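In what follows, a single structure is set out as structure tokens and then discussed.
Coordinate-derived values only; no laboratory data. These numbers come from a predicted model, not from an experiment. Neighbour counts are summed over all protein chains in view; Cβ atoms, including those assigned to glycine, are modelled from backbone coordinates with ideal geometry.
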Amino acid sequence: MSKITHVIKRSGARVIFRPLRITNAIYRAAIAVGGRDKKQAERLTKQVVDIVEKKFSKENPPHVEEIQDIVEQVLIKNGHDKVAKAYILYRNEQNRKREERNVKLSHPSMTIPWSKLWEVLDWAVSHDLDTIAKMNSRIKKGEFPHIVHESESAYENDIDRAAELLLERPDTIKLVLITGPSSSGKTTTTIKLEQRLEKRGLSFVTLNVDNYFFDLAMHPKDEFGDYDFETPQALDLPLINEHISQLCDGKEVTIPFYDFKTGTRHLNRTKLQLENHQILLIDSLHGLYPQMTSGIEDERKFKLYLEPLMQMKTKNGDFIRWTDLRLIRRMLRDSLFRAYKPHQTLEHWHYVRSSEKRNILPYINTSDCIINSAMPYEIALYAARLLKDFQQWDNKFKNDPLKEDAYKRAHRALKFLSEVIPVADDSSVPVHSVLREFIGGSKLKY
């Protein structure tokens, strides 16, 4: 056990010193440059801890920045220059993001094209759904079913538009990538797009990239020691890229199978080959990540990005954040289908969001089409389902420095959900709605 018991965070808070976080950070940096030696990460961590214990004491605990400086020194001293560079780059990126959080942006995102944002905002204004107050007014008038119909129609129109864009290049496209951050509605949208295109004579073959996960023992972990399935480095990207390239060239491949019960991958399980009239379809968080499809030319790809682009303001004039909508969606889905309690989703969302910022958002501008999966009415359903829980989490995490991120998200969600008139009856929500992917009751086969 380390002689150092606590460490000072950037905020000044004292938190428990956990060497495992150092190991995870080193291992993640190693994965970024192609290494996967956990034992080596543990040996390097021991060197870091030895130095920390010599320089500091219980009465004079180290600052987190001082520990990170020592990590860099140990990596370089042991000849791990590439890992040190990856660690330094990630550290600098995190510092930059912390500085940016102190700057209030005029709009909730600068990554989505303005033309798309204005389109969604114009729709919201014309339907009196650009503020919570206006939606509440419509709900009071008994118009909730109408709001549902209008929202669903807008989403379906977006999918129609995506299908038409794809059909403009039927002879050149061999790969369709449907991507977006967690709980953006990729699965439902994939099914709906397939249905439309099959009616036009196109045939799809789905490649499930989940089968390309590395064995659980080789997975990177987040700073709290949780396995990080959200990062693209959890996948065997070279093998994915190799198989995609071969499939698009008409060659046969034998894809692996990943057993989630045991956390192990079995190679060479299922043969797969595209026929001339078939298109490869991939539904993945990281469909835009360059390394996944670097071996196939851009003109042979169609990249579709999803995001719940809610354009609705609170009484204080703040836009509801898209990440908060997706967090609530995932809470509900995880509790319904994955035996994962909502508070666990909340507490782990920090690394989901971190991976999105690193590996998804920077590549949005490479997509061919953007679909808005937000349903303005969904927050009324959430208020009925989770408002009391958010009140509890707001109190529970308020003074816990280790749960600072969970508290901020819970507090922010509590504020806007408290303004909404709750609607418990979801009978007006279509059984094929994208929202059914999260609240249950879907008639689609996932």
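For region 6-101, calculate the relative contact order in percent as a whole number, restricting contacts to Cα pairs under 8 Å that are 6 or more residues apart.
32
If we count every other residue with Cβ under 9 angstrom of residue 188's Cβ, Lys/Arg +1 and Asp/Glu -1, where does the sum land?
+2
List the trypsin sites (Lys or Arg not before Pro) in region 141-215 that DSSP assigns to loop (not H, G, I, E or B) and whose Cβ has at most 12 other Cβ atoms within 10 Å. Which are they?
141, 199, 200
Any idea how far the Cα center of region 405-439 sits from the one of region 31-90, in Å?
For region 405-439 versus region 31-90, the Cα centre distance is 42 Å.
Take each of the peptides 313-319, 245-251, 126-132, average the number of other beta-carbon atoms within 10 Å over its residues, and list them starting from the highest.
The densest-packed peptide leads the list: 126-132, 245-251, 313-319.
Determine the shape class of region 119-263: with a ≥ b ≥ c the square roots of the Cα gyration tensor eigenvalues, call it rounded for a/c under 1.5, and otherwise prolate if a/b is greater than b/c, oblate otherwise.
oblate
Could you work out the relative contact order of region 219-338? I mean the mean sequence separation of Cα pairs under 8 Å and 6+ apart, divided by the number of residues, in percent.
RCO, region 219-338: 18 percent.
In terms of the ratio Rg/(2.2 N^0.38 Å) built on C-alpha atoms, what value belongs to region 340-411?
Output field value: 1.37.
How would 175, 325 line up from fewest to most surrounding beta-carbon atoms within 10 angstrom?
The fewest-first ordering by Cβ neighbours comes to 175, 325.
Please arrange 48, 431, 176, 205 by counting, for each residue, the other beta carbons lying within 10 Å of its beta carbon, fewest first.
Final ranking by Cβ density, sparse to dense: 431, 205, 48, 176.
Given bins 10 angstrom wide, list per bin the percent of all Cα-Cα distances in region 189-283, short to long.
In order of increasing distance, the bins hold 15, 39, 31, 13, 2 percent.
Which pairs, out of 9/396; 192/388; 85/403; 116/315, put more than 26 Å between their alpha-carbon atoms?
192/388; 85/403
With an 8 Å Cα cut-off and a minimum separation of 6 or more residues, compute the relative contact order for the chain in percent.
RCO, the chain: 18 percent.
Roughly how many debye, to the nearest 20, is the charge dipole of the chain about its Cα centre, given +1 on each Lys and Arg Cβ, -1 on each Asp and Glu Cβ, and no other charges?
The calculation lands at about 1520 debye.
With N set to the number of residues, divide the alpha-carbon radius of gyration of region 6-101 by 2.2 N^0.38 Å and report two decimals.
With N residues counted in region 6-101, Rg over 2.2 N^0.38 Å equals 1.07.
Using the Cβ atoms and a cut-off under 12 Å, what net charge is assigned to the surroundings of residue 61, where Lys and Arg are +1 and Asp and Glu are -1?
Neighbour charge sum, excluding residue 61 itself: +2.
Per DSSP H run of at least 4 residues, take -39500 (n - 2.57); add these up for the chain, divide by its residues and hand me the 222 nm value, nearest 500 deg cm²/dmol.
-15500 deg cm²/dmol
Positive end of the dipole of the chain, charges at C-beta (+1 Lys, Arg; -1 Asp, Glu), about the Cα centre: which of 87, 173, 188 has its Cα farthest in that direction?
Among 87, 173, 188, the one farthest towards the positive end of the dipole of the chain is 87.
With a ≥ b ≥ c the root eigenvalues of the C-alpha gyration tensor of the chain, is it rounded (a/c under 1.5), prolate (a/b larger than b/c) or oblate?
oblate
Give, in nm to one decimal, the length gained when the segment between residue 445 and residue 69 is fully stretched (0.36 nm per residue of separation minus the Cα-Cα distance).
So the chain would gain 130.3 nm between residue 445 and residue 69.
Can you find, among 352, 239, 406, the residue sitting farthest towards the positive end of the charge dipole of the chain, where Lys and Arg contribute +1 and Asp and Glu -1 at Cβ?
The one lying farthest along the dipole's positive direction is 406.
So what's the projected area for region 113-192, the Cα convex hull averaged over all directions, in nm²?
Mean shadow area of the hull around the Cα atoms is 6.8 nm².
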